[in-house]
Every structure is written in structure tokens, then in C-alpha cells.
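Here is the structure we will look at.
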Amino acid sequence: MIELANTKTCTGCSACMNACSKSAIVMAEDSEGFLQPRIDVDKCVECGLCQRVCPVLHPIQNEGSKRKVYAFINYTDRKVSSSGGAFSFFARKILDEGGVVFGATMDDNLQVYHIGVESIDELHRLRGSKYVQSKIGSSYKEVRFLLQSGRRVLFVGTPCQIAGLYKFLGRRYEELLLTLDLICHGVPNQKVFNTYLDKLSKLENFSSANAGNIVSFRFRNLDSWDYRPAVKVTKSKTWRILSQETNVYMTAFFRGIIYRESCFRCQYANTERIGTFTIADFWGVGTMGKRFKKDVSAGVSMIIDNYSQIDRYLVSDGNVYVEERTLEEARQKNENLNHPVQRLEERNTAVLDLLAPEMLLREYAKKYGMLDAFPKHLVKMVFKNVIYGLGLYNMYKTISYKLGRTS
């Protein structure tokens, strides 16, 4: 009898589904909407391959070299990236060599899943943060086919997705495969996100005749550190910034109360990273010791070189700025380099409450303490909204960093 990782430990990486030659495994939603492997016993021949490729049952033995950390700015793509443009930099390198880049996209129906692109013109589909666990689908099998054909591949994802890819492949393909693992807080699921959008669209200021339907969702700006989510509706050409009351999805995300259960025991939430490189926003760069002299207002990427590969990609490239920093600095503001997110008691009900049709967004925000009425918080919120609205946020961020503050 085949037994895979249980619902508390499974990361949803989909390695087992991709590995099954009999198509006996599908990724199906559990009661909270998270994808879990489901085995069709009539198709299963109990070969055990699905168990062997599971990175939960058989963790990868990390053989990385001494890690080096870099602050990184890609001036070519910085204005269209959600950080310093590290992903776009590596993606361009692979595409220039005739390779394929795999990453998460959000389609016109606001569904998040992994795809491969083969041109610079398609790269925009993979840019930007998506705070939803992407569906891997058959991506691992597509990557294997390309590698076996001798083509270069870049694959970017959460560390558990990178681990799933490596276990599925059975080898690292060092000369052909480049992987970027993200410093990940944790992952909500598509069903929760869909339900949130449905509730949001039914609010009076979104469902009126002058508004229309929600057609785009932006988790954050692509040209700064701005983390205010925004939406577009069919009858408007501008982004509508979400208020505290309507922004419950991202508030719940940063509180860590709608993550997958495995996120609270994540084996990758440390400095022993799984990808060729680790990338993230370099929060607090230059504020805790050695100063960072470059402008930080439009975002700065952190790159952790896990396998001493950085020189292979930075040769004769004048469109980037790279500066070595310390691992200790990297860990200061990126808590998931130190430990997994703590599981709060609120997690017991937060996912199911957001899914419940009868739970309105305002009621949800009130129940989980998202309508903070403390004067200090309100003053700070109003101040930030004013500088955002006046287009002064980047100036504010630059001054804050020079003064040694990052809030």
C-alpha cells in the first residue's frame, strides 16, 4: 500500500504526480483548498516511484558550498520588477542562450500556475510577486524533456518546489539547469484567493454599475518597495488601492494565518538553501552596519550564491550593480532564513472562515484584529497613504534608509 506525505507535512510540490507513469496520482483540493496527492488505486501498480521522489519522505542532502551574499541591482529591469530585478537578469541570460524560463504566472482569470517561456517578450508573464501557491502541473516533465534535449532551463519557485523538481529529475544537471529558490513566508492556496476576490467584488464600491468586475490583481508595485495591493475593474484604467478593511487577504498572509500546514515546519527556512541561487528583497540593506551607497528606493535584490556560480553569470555585464554583503545582514530582516513562521492558534479557523460564504470581509477583519484603531497606527497609515498618493514614497524610503530605519 502506497503511503505519501500526510496532509500536515505535504508541501504540494507535485513531484509524485509528475513521476507516476500510470497517471494514477492527481493533485486534489483538501477541505481547506490545499492541493494534496490523491492515488487512484485502480491505476496504481505500487511501483513506489512516487514515494522515492517525495522530498518530504526523502529530503535532499544539501551539498552547497560556502554561501556568499550579494546586494544586486539590475538597471535594465529594475523598474518592471518587484525588487532589484535579479530574476529578470538570470532569465535574460538563459533566454539569450536559447533556453526556457519556468516560473509562476497569473492568467486573465487570476489563476496562478507554472509555465515556461522562450522569449524576452513573454517574460512579463512571470514577473511580479504572486502570494498564492502556484500549480506545478506537468512543468517538471517539461523541464526534464528540455534538459534531455540539451537545452538550458531556468526554474524559479518556492524552495519546496525546487526540491520537488530535483527529486523528480534525480540529478542536478549542473551545466544546463539553473534554479532560483525564493525566501518564502508560506503559501496560501488558489481556492482561498478566489473566495476572497469573489467577496471583494460583491462589496458595494466594487459591484456598482460604475465599477464592473475585478479583472486584475496586483500584490505589490513593480517599481518600488510598495506593498499595497491594488485591483483593476473592467470600467477603470487605473489601479484601485485596497483599504485596510478590504485588504484582508494580504493582512492574513503577513500574519501567517492562511498558510499551508507544512509551512510551519518548513525544512528550507534556514540558510541551507536548495537552489543554485536564493533570491529575495534585501530588506534593511545598509542599515545594520556597513552602509549601502546605491539608491534603494526602487528596490534591491538579495542573491545568495549557494554553489559558487555567480561569476559564471556576471562576466562583462555593465548593466548591473553587485556588492558582497554578509549572511548575518541577510538574516536580520529575512526571518525565514532563520526559522519557519510560527503557527498561531488563529490558523485553526482562519482559512475555513475566509472560505465560508457567510463570513463577510469586514466581519473577518474584525474577528482577526485587522481593524486596528490605535491612534499611532492610524496616523502612520494616513501618512503613508499621503506620500504614496503624492508619489513621494521612493523619496521617503531613501531618507529612511539613510537614517537607518526601514519601516
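Structure notes:
- Here residue 31 fulfils each of the conditions (1) under 27 Å from residue 337 (Cβ atoms); (2) part of a loop (DSSP other than H, G, I, E, B); (3) of a type in the set (Ser, Thr, Tyr); (4) modelled with pLDDT of 95 or more apart from (1).
- Residue match in region 61-84 (condition: over 30 Å from residue 298 (Cα atoms) and among the β-branched types (Val, Ile, Thr)): no
- Residue that is among the charged types (D, E, K, R) and in the same structural domain as residue 136 (by TED's automatic domain parsing), where the choices are 22, 79, 8, 43: 79
- Top-ranked residue of region 190-214 - restricted to ones that are modelled with pLDDT of 85 or more and hydroxyl-bearing (Ser, Thr, Tyr), ranked as surrounded by the most Cβ atoms within 10 Å (Cβ to Cβ): 196
- Matching option when the condition is assigned to a helix (DSSP H, G or I), in contact (Cβ under 8 Å) with a residue 24 or more places away in the chain and not aromatic (Phe, Trp, Tyr), among 91, 71: 91
- Of the candidates 164, 150, the single residue that is in contact (Cβ under 8 Å) with a residue 40 or more places away in the chain and small (Gly, Ala, Ser) is 164.
- The set of residues in region 307-357 being over 18 Å from residue 286 (Cα atoms) and either touching a His at 6+ places or on another chain (Cβ under 9 Å) or polar (S, T, N, Q) (or both) consists of 308, 309, 316, 319, 336, 338, 341, 342, 348, 349.
- Residue list for region 344-375, filter: under 15 Å from residue 188 (Cα atoms), without any contact (Cβ under 8 Å) to a residue 24 or more places away in the chain and not charged (D, E, K, R): 348, 349
- The residues of region 27-52 that are exposed (fewer than 15 other Cβ atoms within 10 Å of the Cβ) and more than 21 Å from residue 170 (Cβ to Cβ), listed by number, are 28, 29, 31, 38, 40, 41, 42, 43.
- Every residue from region 312-343 that is touching a Phe, Trp or Tyr at 6+ places or on another chain (Cβ under 9 Å), touching a residue at least 60 places away in the same chain (Cβ under 8 Å) and closer than 30 Å to residue 188 by Cβ: 329, 330, 333, 334, 336, 340, 341, 342, 343
- If only residues of region 113-133 that are among the hydroxyl-bearing types (Ser, Thr, Tyr) and in contact with a helix residue (DSSP H, G or I) (Cβ under 9 Å, 6 or more places away or on another chain) are counted, the one that is surrounded by the most Cβ atoms within 10 Å (Cβ to Cβ) is 131.
- For region 152-179, residues that are under 16 Å from residue 115 (Cβ atoms) and surrounded by fewer than 24 Cβ atoms within 10 Å (Cβ to Cβ) total 1.
- Checked against the criterion of being more than 22 Å from the chain's Cα centre (by Cα), surrounded by 17 or more Cβ atoms within 10 Å (Cβ to Cβ) and modelled with pLDDT of 85 or more, the candidates 282, 277, 292, 217 yield just one match: 292.
The values are calculated or read from the model by the stated rules, or taken from the named source; none is laboratory data. Predicted model only: the values in this text are computed from it and were never measured. A quick note on method: Cβ atoms are made from the backbone with ideal geometry, for glycine too, and the neighbour counts reach across all protein chains shown.
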